[in-house]
Structure formats: structure tokens, C-alpha cells
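Peer 1: Following this message is one structure expressed as C-alpha cells.
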Amino acid sequence: MDNYFIITGAPGSGKTAILSALAQQGFSIVLETAREILEEQRAIEGDGVYDRNPALFKELLLSRAISYYKAHQYDNNLVFFDRGIPDIIAYADCFDLPRGAEIKASEKFRYNNKVFFAPSWKAIYTNDEERRISFIDAKQFGDNLKQIYESLGYELIEIPCVSPGERAAFILSNVDTNEK
């Protein structure tokens, strides 16, 4: 889908703030599925969380990501995704799980070839209730993401480490806003 743009990168690299800036300008955004699933599963004491059953968590991520991809298939406007289906391959690697259906899904459900990558940025990195990994591990996750997206033939465009508004403007300057 040429109008689907992924914003991905290391955990804690400011993706959500960028998406918020894009939403304030009227663009459609799809928030990260991981936090949604964690919140839902913890609320019901479910097993689909990374620290209980990482394989189930990965499958829930994939199912939700495909659902969100399909939910916007008739939207002719630009849609910005906080992470894409290929990110689930990095989750599999992070949890030492075998790569599975996320490989085929990454090939079947393609996004615009331009993928915006938010690099590790120590000055803004924080831990919270769900983001418990160290900055070094977050950076390693991001480095793996780069390799995954490149191996799938995507063009990575690194987002500069500036304010969220400037980062959103950078992304828009690299996107044809009439692109459909």
C-alpha cells in the first residue's frame, strides 16, 4: 500500500511523539499494538504478555497488526503506522523464538517502500512499566530492525534527533502528501 508509511526504530526513540505531531496535523495514525495488547492482557490476567508467554504475545501482535493493516485498506489518505508487521520478526528474535508466520505476513502485507527509522537516542530514552529493557538492549533491537527491513527490500530513512514537530516535518518532506 503506497499510502501506508511505517515509523519504526528502537524502543524509546520518540516514535509516539512523532505520530502525535502527525495526528495533530490531521493525518491518520495507527498506534503501536504492543502496548494495547499488554494493557488488555494484564487487565484480564491473560497469558498473552511477553513475560508470561512470549510466543502467544508474538501471535497476538501479528494478528492485531494484520487487522490494523486491513482496517485502512480503503483509506486513500496517508496512514502512518507506529511499527509495522516486519517489527514482529524483531520481537521473535528478541524473545529467542523461531521466526514464523510474521515472515510470510511481512511479504504479503507490504507498506510504502520508504520506512522512517527513529534511531536510539539516549537523551530521551526512559524506562516505564512496560519498557523495562536497558538502553543498550533497546539499541540492539533497533539495529536488528534495520537489518530486517533492509532484507525485506525497504528503503530506510533515518529521522534526525530533533523536536517531535521537526521530526514530523522531516517525514512529510520525504513523502509526497498526494501519494496514494
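Peer 1: Using the count of nearby Cβ atoms within 10 Å as a rough guide to exposure, how do 64, 83 rank from fewest to most?
Peer 2: 64, 83
Peer 1: Keeping to pairs on different chains or 8 or more places apart, tell me how many lysine pairs in the chain have Cα atoms under 22 Å apart.
Peer 2: 24
Peer 1: Something else now. Work out, step by step, the length gained on full extension between residue 17 and residue 67: first 0.36 nm times the residue separation, then minus their alpha carbon distance; give nm to one decimal.
Peer 2: On the way: separation 50, 0.36 × 50 = 18.00 nm, distance 2.32 nm.
Full extension from residue 17 to residue 67 adds 15.7 nm.
Peer 1: State, to one decimal in nm², a quarter of the convex hull surface area for the C-alpha atoms of segment 4-173, i.e. the direction-averaged projected area.
Peer 2: Values: hull surface 37.7 nm².
So the mean shadow area of the Cα hull is 9.4 nm².
Peer 1: If you don't mind, another one. Report, in deg cm²/dmol and to the nearest 500, the calculated mean residue ellipticity at 222 nm for the chain, where each DSSP H run with n ≥ 4 adds -39500 (n - 2.57) and the sum is divided by the residue count.
Peer 2: On the way: 7 runs with 82 residues, N = 180.
Roughly -14000 deg cm²/dmol at 222 nm, from the helical runs in the chain.
Peer 1: Would you work out if segment 9-87 is rounded, prolate or oblate? Take a ≥ b ≥ c from the square roots of the eigenvalues of the alpha-carbon gyration tensor; rounded if a/c is under 1.5, else prolate when a/b is larger than b/c, oblate otherwise. Before the final figure, lay out the partial values.
Peer 2: On the way: a/c = 2.25, a/b = 1.65, b/c = 1.36.
Cα axes put segment 9-87 in the prolate bin.
Peer 1: With helices defined as uninterrupted DSSP H runs, which ones in the chain have an alpha carbon span along their own long axis of at least 20 Å and mean Kyte-Doolittle hydropathy of at least 0.0? Show your work: numbers first, answer last.
Peer 2: On the way: long enough: 54-71 (25 Å, 0.35); 135-151 (24 Å, -0.65).
Once both thresholds are applied, what remains is 54-71.
Peer 1: To continue, here is another question. Can you sort 151, 20, 173 from fewest to most other Cβ atoms within 10 Å of each residue's own Cβ? Write out the running numbers ahead of the final one.
Peer 2: Working: 151 11, 20 15, 173 8.
So the ranking, lowest neighbour count to highest, is 173, 151, 20.
Peer 1: So, one more: Starting from the coordinates of the alpha-carbon atoms of segment 44-120, obtain the Kirkwood hydrodynamic radius over all distinct pairs and give the value in Å to one decimal.
Peer 2: Values: mean 1/r = 0.0735 Å⁻¹.
This gives a value of 13.6 Å.
Peer 1: Evaluate the charge dipole of the chain about its Cα centre and quote only its size in Debye, nearest 20, assuming +1 on the Cβ of each Lys and Arg and -1 on the Cβ of each Asp and Glu.
Peer 2: On the way: 20 positive and 27 negative charges, 41 e Å.
The calculated dipole for the chain is roughly 200 debye.
Peer 1: Rank the residues 162, 49 as a footprinting-exposure proxy: fewest other Cβ atoms within 10 Å of their Cβ go first. Present the calculation step by step, with values, prior to reporting the outcome.
Peer 2: Values: 162 11, 49 20.
Starting with the residue having the fewest Cβ neighbours, the order is 162, 49.
Peer 1: With a point put 7 Å past each Cα toward its Cβ, work out how far residue 173 is from residue 1 in nm, to one decimal.
Peer 2: Each label point lies 7 Å from its Cα, and together they span 2.8 nm.
The numbers here are math on the coordinates, done by the rules we state, and not lab data. Just so it is clear, the structure is predicted and the values come from calculations on it, not from any experiment. A quick note on method: Cβ atoms are made from the backbone with ideal geometry, for glycine too, and the neighbour counts reach across all protein chains shown.
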